[in-house]
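Below: one structure, written as structure tokens.
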Amino acid sequence: MLRRDVNLNNVESFQLPGVVRTPSRFRNPIGKYRLHRSDTCTACGKCVELCPTGVHVVRRGKVFVENHHLCVGNDCPDPCHKACPEGALTLRRNPDFDGMGDARWPADLLASTWHMAEFGKVPDKGLEYKLGASGGGFDKLRLVFRKNKSAFEEVADDDFDMGVVLNRRNDHAHRVRTEVPFYGGGMSYGSVSITTMLSRIKAAVALGTFCCTGEGGYPDELKPYDDHVITQVATGLFGVREETIQRVKIVEFKYAQGAKPGLGGHLLGDKVTPGVARMREAVVGYPLFSPFPFHSVYSVEDHKKHVDWIKAMNPKALVSVKVSTPTDVDMVAVGSYYAGAHIIHLDGSYGGTGAAPDIAKKNIAMPLEYALPKVHQFLKEEGVRDKLTVIASGGIRNPHDVAKAIALGADGVCTGTADLVALECIRCHKCESGRGCARGIATTDAELMQLIQMEWGTQRIVNMFLAWRRELVRILKKLGMKSLKELVGRTDCLTHIDYMKKRI
Amino acid sequence: MPSKYVIHVREVPHRFEAVSKSGIIAWEEGCLRCAVCVKTKCVYGVYENRGLHARQMIDSIDNQCMNCLRCVQSCPGELIHKSVNPEFKAMGDSHWTPNIIANLWMQAKTGKIPVSGAGYPGPFSGPGFDSMWTDMSEIVRPTRDGIHGREYISTAIDLGKTPEFIRLSEDGSLEEGEMPLLDIPLPIILRMPPFGATGPATIAGWALAARRLGTLFSAPVDILESLKPDFAPHLMPECTMEGEDLERIPAGNRLVEIPWSEDWKSRVDSVIRKDPSLLISVRVPMAEGMEERSLTLAQEGIAIIHLEGSMSGLFLDDKTRYIKDGIRSVHRKLVEANIRDTMTLLVSGGISLAEHVAKSMLCGADGVFVDFPALIALECRMCRRCTEGLSCPVEIDQASSGWVAARVVNLLGAWHNQLLELMGAMGIRDARRLRGEVGRAMFFEELDEKTFGPMGDVEEGCELE
């Protein structure tokens, strides 16, 4: 396999992968609508002819509704159920669809992410893919497109600069840049299957970006992709070895996790299988506690000692500092910069997790949407904003969230849940129960893991991110920008519908 | 330092099948009789465990389905569908939501804190306590690791009058005559809810739970009469001051509550005449004028003020104002008058989640009363049939006092651990320090407009997306 260097000097040689249609791995994909065909159907073929999305299929002289999930319902310009000469078709909402999803990820957002993972483009009808239903933050912010901003309408999509420079200190560390404004957030070996882990990393390689191992070790299977791996040093120091630190270009310190800020982790004894134990250098069957905080860090000075420790082992490594969002997150960010970090990674309170107390997810730390402008502004006032890369994560669900996060002050984002939704996670919140994820994503159960093939997983994630990139280019065109860098901190390109002031 | 406070929990099963969120509709008609039916392949073995319950006509499948949708998505005949159980959706009201009720049941059963996978699924913010977040400490401030036992986090609070300074007699010993101070290891007092299908065993169970937890059980004084005398130190009788109420106060009782009224002073005097050693709490309605009333009471030397809100967490006289704001307003008034440190402020009304305890305290309370959660722990569905004289669907009055106590201890055990989670993240080691610590809280009304208000103006012809 050809190793591609994600080096600033080699930008020219990079080419985006292509979309390959990758349908659901289940027999019955879930859509918003269901079409019912009654016995009066004469198989005249009118519906097959009319349907723009291929819902109806003819087989052996009979017509079947084979792709319910592609039906756009009432958004259809020429609905089959109205045109059917026999009146044999009825359109209904799918009851399964209405029982799915939540305020952050409504059913529409889940289904549209599945659409992107299947087709590599956003759904053009029938599904709300831009907003969730949380009633605040990203879901109440809108991008503002002003008139006469179509200067780049004719420019090819590939010519838009969507990359993020990760080393802005310009020191002797690697001059790393990603080709897309996102990379994969940490999900540990054990919390997700090795197939899921590899699918994410292979997608990251194809897209010219990175993916983080999470806390739980660096499986050998990842070795071919070392240049695209971020390894995590978290409070339990599980699986952290000198050799793993030296293998990678980016090392991430996880001070806190958005879903459970201020709390440690606890891997139940049952989950410490021989494989997990080996990886984490622990004993099989014994529970593992990841404390909070790093018991060696109680000040910025202590934190600097940590950063120096990495730099001593791997002088060319970039250091990322993942923190969550307390009231003084701006002080934390500036402190991280002065301690020598290249990347400050803000993990907001809507971030994912394999398991966390509900009370922590809901209440501790502030939403990402407040923290980003606060940090961006403070770093600017300190005069160091240009020297530090700000990465946002914790609740980034779609391309519009990416654009909004960047306009609020981030350089790029990290994703996690969205990758899993591309693999057909339905957010049942039962990642840890029983044998683990029943859909084979977040499990180490040998049988359940078989539900995902790596090629399928990789392509689903690639497709979703290609759709995100394409949508971000469309947004940039409407904003009259040619590079995503121009959007950083441009809060004038955003408005909040509760406080919107109309100037006429 | 006191010995570590631990609440011992153990699994205490429901007596009835819980109403569950999930409903599966399986149509047998059209079944292809596949050799390997998806129902046999359920990861959780739900279909195998299927069976009808004799006492209730509910298919047990409702209680076991984990919503993975594998069967829905794999059945070759597309015959299996899922929807939300309408009975679940209809439970409770806008404050006591089905999810809150189901979570309280689970905690009372297991004694464990609710844990789940994936990110927070709820709204960005909400009314009342949902419009505030608690802080955490990171790098520049230390946290406390209370859960896994490395550090001791105390949740104890004091009830009563705290002297501004300690008076010593000439020989250096503490001068006698200070007001009594009661400490409870948990900032929570159990309180009898205003309605519920309770019986003598329920009352005994709640009192037993209060004793096991080391806290108090508050109820109208006549209700407490049936209890054995040895419960007295753990009871907080509410006297109406009508008739012979004062005579009913059990011997050995340390604290009584009387309602506020214009002639509260003469009522307090009659309590003091009865027993000068009793701590007195005056219950003030959370309503117009409560700040002034509380201030007067505090200045006149009343040790404990109990602000009583509505069961939906609102003011009693204004359905648009939340107890969160009421607590802040009274607390601020008392702080400004330099008197807050010398007295105790307790709050009741709509406390339904563990986080409400910490949030009430951050807003300025010393502790809270827990009422309906202690009833929901007994499987109450908040159907309110009992208020109309109809039978209770879960026969609460038939439950033994042992079961009642164990369920309530489980619930508060889970709440205690959740309080430790929040305090640990904040880096606070003593619950007394939570009081009024708004610096460790973040408020929607202070952050949202400040952050988003100044953003882009919108001109005519702009497109929003």
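Could you sort the peptides A:234-244, A:456-466 by per-residue average Cβ neighbour count (10 Å cutoff), highest mean leading?
Working: A:234-244: 18.7, A:456-466: 25.8.
Put in order of decreasing packing, that is A:456-466, A:234-244.
Decide, for chain A, between rounded, prolate and oblate: order the square roots of the alpha carbon gyration tensor eigenvalues as a ≥ b ≥ c, take rounded if a/c falls under 1.5, and otherwise choose prolate if a/b is larger than b/c, else oblate.
Working: a/c = 1.86, a/b = 1.42, b/c = 1.31.
It comes out prolate by the Cα gyration axes.
Per-residue Cβ counts within 10 Å, from other chains only, averaged over A:420-432: what number is that? Walk me through the intermediate numbers first.
Numbers: counts 1, 1, 0, 0, 2, 2, 7, 5, 9, 9, 8, 3, 3.
Other-chain Cβ atoms within 10 Å of each residue's Cβ, averaged: 4.
Go through segment B:80-87 residue by residue and turn each phi into a ³J(HN,Hα) via Karplus (6.51, -1.76, 1.60, θ = phi - 60°); whole Hz please, and just put x for glycine and proline.
10, 9, 10, 8, 6, 5, x, 5
Using the Cβ atoms and a cut-off under 12 Å, what net charge is assigned to the surroundings of residue A:409, where Lys and Arg are +1 and Asp and Glu are -1? Intermediate values should be presented prior to the final figure.
Values: positive: A:374, A:380, A:385, A:404, A:490; negative: A:330, A:369, A:411.
With Lys, Arg at +1 and Asp, Glu at -1, the net is +2.
Could you sort B:324-332, B:393-401, A:321-329 so that the peptide with the highest average Cβ count within 10 Å comes first and the rest follow in order?
Details: B:324-332: 21.2, B:393-401: 16.7, A:321-329: 26.7.
The peptides rank, most packed first, as A:321-329, B:324-332, B:393-401.
Restricting the count to DSSP beta bridges whose residues both fall in chain A, what percent are antiparallel, rounded to a multiple of 5? If you can, show how the numbers build up before the last one.
Numbers: 19 of 47 bridges.
Restricted to chain A, the bridges split so that about 40 percent are antiparallel.
When a/c reaches 1.5 or more, the comparison of a/b and b/c decides; with that in mind, is segment B:389-465 rounded, prolate or oblate per its Cα gyration tensor?
Numbers: a/c = 4.50, a/b = 1.80, b/c = 2.50.
Taking the square roots of the gyration eigenvalues as a ≥ b ≥ c, segment B:389-465 is oblate.
What's the center-to-center distance, using Cα atoms, between segment B:311-388 and segment A:110-170 in Å?
Here the answer is 44 Å between Cα centres.
Restricting to bridges with both residues inside the protein assembly as shown, how much of the DSSP beta-bridge set is antiparallel, in percent to the nearest 5? Provide the component values of the computation, followed by the final result.
Values: 38 of 97 bridges.
Of the beta bridges lying entirely in the protein assembly as shown, close to 40 percent run antiparallel.
Using a 10 Å cut-off on Cβ to Cβ distances, tally the other chain neighbours for every residue of A:255-262 and report the average as a whole number. Please list the in-between numbers first.
Working: counts 2, 6, 0, 2, 5, 4, 8, 15.
Average neighbour count from other chains, rounded to a whole number: 5.
For residue B:235, what residues show an amide H to amide H distance below 5 Å, using hydrogens built from the backbone and excluding near sequence neighbours?
Distant-sequence amide H within range of residue B:235: B:217, B:254.
Once phi is turned into ³J(HN,Hα) by the Karplus curve 6.51 cos²θ - 1.76 cosθ + 1.60 with θ = phi - 60°, what whole-Hz value does each residue of segment B:152-157 show in order, with x for glycine and proline?
8, 9, 8, 10, 6, 9
Let me confirm one metric for peptide A:287-295, namely the mean number of other chain beta-carbon atoms within 10 Å of its residues' beta-carbons.
Working: counts 0, 0, 5, 1, 5, 11, 10, 1, 3.
That average works out to 4.
For helix B:401-426, report the angle its Cα long axis makes with the longest principal axis of the Cα atoms of chain B; keep it between 0 and 90° and round to the nearest 10°.
80
With 17 Å as the cut-off, how large is the P(r) tail for segment A:53-107, expressed as percent of Cα-Cα pairs?
Numbers: 722 of 1485 pairs.
So the pairs more than 17 Å apart make up 49 percent of the total in segment A:53-107.
Placing +1 on the Cβ of each Lys and Arg and -1 on the Cβ of each Asp and Glu in the protein assembly as shown, which of A:360, A:47, A:394 has its Cα farthest towards the positive end of the resulting dipole?
Of the options given, the answer is A:47.
What number, in nm² with one decimal, is the all-direction average of the projected area of the convex hull of the alpha-carbon atoms of the protein assembly as shown? Each step should come with its number before you reach the end.
On the way: hull surface 181.6 nm².
Directional mean of the projected Cα hull area for the protein assembly as shown stands at 45.4 nm².
List the residues, sorted by chain then number, that are 5 or more residues from residue B:82 or on another chain and whose placed amide H is less than 5 Å from its amide H.
For residue B:82, whose amide H was placed from the backbone, the distant partners under 5 Å are A:96, B:25.
Cα centroid distance between segment B:389-423 and segment A:398-422, in Å?
Here the answer is 42 Å between Cα centres.
Rounded, prolate or oblate, given the Cα gyration tensor of chain B, with a/c below 1.5 counting as rounded?
Because a/c hits 1.5 or more and a/b exceeds b/c, chain B counts as prolate.
Can you work out ³J(HN,Hα) from phi for every residue in segment B:303-309, in order, using Karplus 6.51 cos²θ - 1.76 cosθ + 1.60 and θ = phi - 60°, giving whole Hz and x for Gly and Pro?
Rounded to whole hertz, the list is 6, 10, 10, 10, 8, 10, x.
At R0 = 25 Å, how high is the FRET efficiency between residue A:125 and residue B:449 if r is their beta carbon distance? Nearest 0.05 is fine.
Numbers: r = 35 Å, r/R0 = 1.41.
It comes to 0.10.
I want to check the label-to-label distance for residue B:275 and residue B:465. Put each point 7 Å from Cα in the C-beta direction and report it in nm to one decimal.
Between residue B:275 and residue B:465, the label points sit 7.3 nm apart.
Rounded to whole Å, give me the distance from the Cα center of segment A:276-301 to that of segment A:468-483.
Computed from Cα coordinates, the inter-centre distance equals 42 Å.
What order, most packed first, do the peptides B:451-458, A:260-267 have when packing is the mean number of other Cβ atoms within 10 Å of each residue? Before the final figure, lay out the partial values.
Numbers: B:451-458: 18.9, A:260-267: 24.9.
Per-residue Cβ counts within 10 Å, averaged per peptide and sorted highest first, yield A:260-267, B:451-458.
Can you list residues whose amide H is under 5 Å from residue A:233's amide H, if they're 5+ apart or on another chain and H is modeled 1.01 Å from N?
Hits under the 5 Å cutoff: A:252, A:253, A:254.
Among the aspartates and glutamates, select those whose C-alpha is under 19 Å from the C-alpha of residue A:271, and discard any that sit fewer than 8 residues away in the same chain.
Hits, sequence-local ones excluded: A:215, A:281, A:432, A:445, A:447.
Using only alpha carbon pairs under 8 Å that are at least six residues apart, calculate the relative contact order of chain A and give it in whole percent. Intermediate values should be presented prior to the final figure.
Numbers: 1038 pairs, mean separation 92.8, N = 504.
Relative CO of chain A lands at 18 percent.
Rule-based calculations on the coordinates, nothing more; no lab input. Quick caveat, the model's predicted, so the values are computed rather than measured. Cβ: placed from backbone, ideal geometry, glycine included. Neighbour counts: every protein chain shown.
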